[in-house]
Amino acid sequence: MSARFHDGKSLTRRRFLGSAGASLLLLVSRSGQAAASTVLAVRVWPAKDYTRITIESRESLVFTHQMVHNPERLVVDLEGIELNEVLQSLPAKITGQDPYIQLIRAGRNRPGVVRLVIDLKSEVVPQVFTLKPVGEYGHRLVLDLYPTEPVDPLLALLEKLSPEEAAAGGATPPAKTDSKPARKVAEAERKPVEAARREAPAEPPAVQPATKDDQGVTRLITIAIDPGHGGEDPGAVGAAGSFEKHVTLSVGRRLKARIDAEPNMRAMLTRDADYFVPLQQRVSKARRVQADLFVSIHADAFISPTARGSSVFVLSDKGASSTAARWLAQKENSADLIGGINLGIKDDHLARTLLDLSQTAAINDSLKVGKAVLGELGGINRLHKGEVEQASFAVLKAPDIPSILIETAFISNPEEEARLNDEAYQDRMADAILRGLKRYFAKNPPLSKSKLARLD
């Protein structure tokens, strides 16, 4: 009896130790670590430039991927996880308007492995990479699907708004999507608010008509409009849940419509939908179209909800003009970390561009146009500061293009947040910016560094 008792106790102890050892092995093994991963969210950002799929998880995902041809597919295996409701929702996020994805299938390939099969509309160049936690995001696996022939920004200059879009100011508020950052705020409905209309300032002097050279080609003024943030990067979020990225795109579209309506001016948007564009690619797009001016549009934010007013910033090569300007530049420059860039892609030409220190002339012109625009903004909104400020903004570092960054208002201020979502205020903002640009070019006609045939 006693011997049987001790034998049973020993057997039980061996089973316990064996079970504990297996559990420990599972925890320290690669598959055991992956098993702890839980998919928290999936988001899809379709655009002509590229389509991005983001899979956010609590722990870093273990994955493999391969391209399969005839027909074109991207196959991604996620190891150590099970198919949950979040992953099952991914196929429903693909719409017929996606330029590159036909459909997505998600299923359990084998125990502990979920397979995603992305059926493509055409051949693509995929970039697959991971991002470490930043801000309110966890670990992210990013699938970027680029066309084999990159979209040329020059084509954007040829795009015309429909009469309906032009009549509406060139912009309709972006449709809401379930693809939201993991934030504890919901995007507020955009309810127009009645704002006191001030008498519009006097119309600025007309820009001198473009002249023709001996080949009969007219010189057009080209403006690169950069709606800040986008896609994975929502920018600042107002108390009512408004996203900065939507405000900037709406104002940018309205400004483009007004510029395109001018006989000797054309505009190009660095992004025309809700997707992320790395800061340096925004600069590259402007240089590709040989822009005469780069205008980046943002909505300011601060920890205090009482901060208010519009501002204009330009690049500084000698440090920030104030502590607030330095803080703002650091915040805006962090957009690449939040939006997500593939650090494995090197661009030597771009690196040389950013190291070019011959920016003195461009900065001087930036200050001139910034002052002209700031003066017009003061006619529709209180100014946060009465002079153009300077700081080291990455997005303003085109060495040969005068560049300004406009903070339209403080989205962190409840009153100004409401105004930023008011279509009438967005129209007045676009009108004021255009007046400032025209005042600048009336006094500083562009040099003939680029010539484009008139489109009308």
| field | Gained length - E123 relative to L40, 0.36 nm times residue gap less alpha-carbon distance | value | 26.9 nm
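Is there a pair in K245/K371; K48/K132; K256/K438 whose C-alpha atoms are over 22 Å apart, and which pairs would that be?
K245/K371; K48/K132
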| query | In debye to the nearest 20, how big a dipole does the stretch 34-147 give about its Cα centre with +1 on each Lys and Arg Cβ and -1 on each Asp and Glu Cβ? | reply | 80 debye
| request: Could you work out the local net charge near V114, counting Lys and Arg as +1, Asp and Glu as -1, over the other residues with Cβ closer than 12 Å to its Cβ? | output: +1
| note | Calc'd 3J(HN,Hα), the stretch 373-389, phi into Karplus 6.51 cos²θ - 1.76 cosθ + 1.60 (θ = phi - 60°), Hz, glycine/Pro = x, comes to 5, 4, x, 6, 4, x, x, 10, 8, 5, 8, 5, 9, x, 9, 5, 9
| Taking only C-alpha pairs under 8 Å that are 6+ residues apart, what is the relative contact order of the stretch 34-147 in percent? | 30 percent
| task | Multiply the residue separation of Q66 and N109 by 0.36 nm, subtract the distance between their alpha-carbon atoms, and state the gained length in nm to one decimal. | result | 14.0 nm
| Residues M429, M265 arranged by fewest to most Cβ contacts within 10 Å | M265, M429
| Within-10-Å neighbourhood charge of N413 [Cβ basis; K, R +1; D, E -1] | -2
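Which of F302, F243 comes first, and how do the rest follow, when ranked by fewest Cβ neighbours within 10 Å?
With the fewest neighbours first, F302, F243 line up as F302, F243.
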| note | Once phi for every residue in the stretch 422-427 is put through the Karplus expression 6.51 cos²θ - 1.76 cosθ + 1.60 (θ = phi - 60°), the whole-Hz ³J(HN,Hα) values, with Gly and Pro written as x, are 8, 4, 5, 5, 4, 4
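Every number here is computed from the coordinates shown, using simple stated rules; none is lab data. These numbers come from a predicted model, not from an experiment. Here the Cβ is made from the backbone with ideal geometry for all residues, glycine too, and neighbour counts use every protein chain on show.
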